[in-house]
Structure formats: structure tokens, C-alpha cells
Amino acid sequence: MTHLERSQHQLFPFHLVQPSPWPIAISFALLSLAISLGLTMHGYISGTGVLFSSLILVLYSMILWFRDIIAEGTYLGDHTLAVRKGLNYGFLLFVLSEILIFAGIFWAYFHSAMSPSIELGSVWPPVGITAISATELPLLNTIILLASGATITYSHHATIEGNRSNALNGLFVTLWLIIIFVVCQYIEYTNATFTISDGVYGSVFFAGTGLHFLHMGMLIIMLAVCYWRMRNYHFTTTHHVNYETTILYLHVLDVIWLFLYIVMYWWGA
């Protein structure tokens with residue numbers, strides 16, 4: 001039965017996904033990335049060739065999988081209202097899992113910061129650690145993220161209203177603001193006076209801000225894909241699930257960064 005015949009006989013609004021190799025492919029790619037990352041960090045693998053090969057494999061599998069999803073939603077008409085609701089609910093659960101991860105990191109931070117042990121000198125930051133000033137690059141990054149939240153909202157409203165030019169301009173500015181944020185964060189890391197191996201402070205600081213840094217890298221990819229799709233007329237005023245989930249992701253990361261800034265840069269220093 002062809003896809004057209006199947007859609008004509010389908011009496012329900014849900015999408016029955018065709019057999020796909022990408023879930024199992026990306027599972028093995030992620031397994032390879034996790035193992036190579038762990039072995040490289042502990043010195044069992046010299047060099048980064050295996051690590052970057054695994055990373056490229058993950059990204060390539062993601063591209064092929066997303067290509068099929070875009071085709072299903074844009075050209076085949078499989079993303080009905082019920083399917084779009086399911087995609088949004090699934091992404092909300094993913095966001096919830098991200099919030100819980102950061103909640104665990106904040107818990108670890110407060111555990112040591114609110115009652116520093118004698119090994120830390122009974123002070124926070126520990127003796128020998130010079131904290132990063134909250135009024136320098138972290139403050140600039142906070143302003144950049146707040147601005148990106150405004151520009152992406154402007155673009156979203158323009159999309160709903162059918163103003164293609166304003167939607168593209170707002171999304172383009174947002175993409176570059178996030179790129180600037182990531183560059184500033186990299187500059188901050190390269191000039192920090194401590195590393196992730198400098199006790200509990202370094203570990204929990206880089207675990208929190210570093211995890212947020214990785215998420216911002218993923219956000220750049222998501223925004224770039226949305227920009228490409230918007231330029232190719234994939235989005236309509238009522239059907240832009242990919243864009244809505246990306247916007248939600250950006251706002252959640254904005255809020256998480258505000259907590260990171262207040263706790264780790266301002267209060268913790």
C-alpha cells in the first residue's frame with residue numbers, strides 16, 4: 001500500500017512512523033561518543049581522533065533523522081494537530097528532565113557553599129580560588145541572553161502574523177546573539193584562574209556553566225535549522241512546531257542562566 005493509499009484509509013489522526021534505521025544508528029553513535037569521551041579523559045586513548053569521529057557520527061545521524069522528520073511534517077502531511085500536540089508534550093518532558101539535571105547541580109553547589117568544610121578553609125569560594133567577577137563577561141552574557149529572548153519573541157509574533165521579513169530578521173539576530181554568547185563563554189573559560197579539577201568549586205562550577213555551554217551549542221544548531229527552514233517556506237502561521245520547541249528551549253536556557261548567574265557568579269563569589 002502506497003503512502004497516499006494508507007493516508008486515505010487512515011481513520012485516526014496519529015502518525016504511524018515507517019521503519020527507520022536512525023534511532024538504532026544514533027544509539028550506537030551516542031554509545032561510541034560516551035565511551036570514547038570517558039577513555040580519552042582518563043588517558044586510555046591518546047589524541048582526540050576517535051572522540052571527534054564519534055561526534056561527527058552523532059551529528060551525521062541526527063542530520064539524516066531530522067531530514068526524514070522534516071519531510072514527514074512539511075511534504076507528506078503526517079504532522080496533524082494530534083501529532084503536533086504529541087511532539088510538544090514530548091519536548092516538554094525533555095525540558096523537564098533538563099531542569100531536573102540542573103536542579104541536581106544547584107543542590108551540589110549549595111551543599112558545599114552554604115556550609116564549607118574545614119578542608120575548603122571554611123570559606124566559599126575555597127582558599128586559593130579566585131572567583132570570576134559577576135560584573136564582567138558574565139554580566140555581558142546575561143544581557144545578551146535577555147536580548148535574545150526579546151528578539152526571538154519578536155520573530156515568533158511576526159511568524160504568527162505572517163510577516164516573513166520581520167520573522168527572518170528577528171531569528172537572524174537571535175542566532176548571532178547566541179553565537180556571541182558562546183564565544184564570550186569560551187573566552188571566559190580560557191581566562192579563568194581555576195579548572196574543573198580544582199576541588200569541589202571547580203567541579204561544580206564547570207559542571208553547571210559547562211553543561212549550559214553545551215546546551216547553547218545545541219541551541220545554535222536548532223536556530224540555524226529553523227532559519228534555513230523559514231527561508232525555504234517550511235513554516236506557516238499555524239504550523240511551525242520545530243520553531244515553537246526551539247523558542248521554548250531558548251527561554252528555558254535563559255531562565256537557567258539567570259539562576260546560574262545569581263547563584264554561581266554573584267552570590268557564590
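Every number here is computed from the coordinates shown, using simple stated rules; none is lab data. As the structure is a prediction and not an experimental result, all values here were calculated from the model. Reconstructed Cβ throughout: ideal geometry from the backbone, glycine too, with neighbour counts over all protein chains shown.
Given Cβ point charges of +1 (Lys, Arg) and -1 (Asp, Glu) and nothing else, what value in debye, to the nearest 20, does the dipole of the chain about its Cα centre take?
So the dipole magnitude of the chain works out to roughly 500 debye.
Starting from the Cα gyration tensor of the range 201-269, multiply each eigenvalue by 5, take the square root, and state the resulting semi-axes largest first in whole Å.
Semi-axis lengths for the range 201-269 are 32, 12, 7 Å.
Each residue of the range 260-269 in turn: what ³J(HN,Hα) in whole Hz from Karplus with 6.51, -1.76, 1.60 and θ = phi - 60°, glycine and Pro shown as x?
So the J values, rounded to whole Hz, are 4, 5, 5, 7, 8, 9, 8, 5, x, 9.
Taking all pairs of different Cα atoms in the range 95-267, averaging 1/r and flipping that mean, what Kirkwood radius in angstroms comes out?
Evaluated over the range 95-267, this radius sits at 17.3 Å.
Hey, what do the phi angles of the range 139-146 turn into as Karplus ³J(HN,Hα) couplings, whole Hz, using 6.51/-1.76/1.60 and θ = phi - 60°, x for Gly and Pro?
Whole-Hz 3J(HN,Hα) from phi for the range 139-146: 5, 4, 5, 5, 5, 4, 5, 4.
Give the relative contact order (percent, whole number) for the chain; include only Cα pairs under 8 Å separated by 6+ residues.
Taking the mean separation of contacting Cα pairs over the length of the chain, I get 20 percent.
If neighbour count is taken as other Cβ atoms inside 10 Å, put 226, 184 in order from fewest to most.
Least crowded to most crowded, the residues run 184, 226.
Just to check I understand the Karplus step: with θ = phi - 60° and J = 6.51 cos²θ - 1.76 cosθ + 1.60, what whole-Hz values come out for the range 243-255, glycine and proline as x?
With the stated coefficients, the range 243-255 comes to 5, 4, 5, 5, 4, 4, 4, 5, 5, 5, 5, 4, 5 Hz.
List 200, 123, 95 from most exposed to least, where exposure is judged by having the fewest other Cβ atoms within 10 Å.
In order of increasing Cβ crowding within 10 Å: 123, 95, 200.
Please give the calculated 222 nm ellipticity per residue for the chain, where each DSSP H segment of at least 4 residues contributes -39500 (n - 2.57) and the sum is spread over every residue; nearest 500 deg cm²/dmol?
Estimated from H runs of four or more residues: -25000 deg cm²/dmol.
Quick check: the angle from helix 22-41's long axis to the longest principal axis of the chain, C-alpha only, nearest 10 degrees?
10 degrees
Contour minus end-to-end for residue 165 and residue 68, with contour as 0.36 nm per residue of separation and end-to-end as the Cα-Cα distance?
32.2 nm
So which chymotrypsin sites (Phe, Trp or Tyr not before Pro) in the range 164-235 are both in a DSSP loop and have at most 13 other Cβ atoms within 10 Å of their Cβ?
Loop-located and lightly packed - 233.
For the range 15-78, go through all pairs of different Cα atoms, get the mean of 1/r, take its inverse, and jot down that Kirkwood value in Å.
About 13.1 Å, per the Kirkwood formula over Cα pairs.
Using the number of other C-beta atoms within 10 angstrom as an exposure proxy, rank 171, 51 with the fewest first.
Ordered from fewest to most neighbouring Cβ atoms within 10 Å, 171, 51 come out as 51, 171.
Within 10 Å of each candidate Cβ there may be at most 16 other Cβ atoms; applying that plus a DSSP loop requirement, which chymotrypsin sites (Phe, Trp or Tyr not before Pro) in the range 21-87 survive?
Loop-located and lightly packed - 44, 75.
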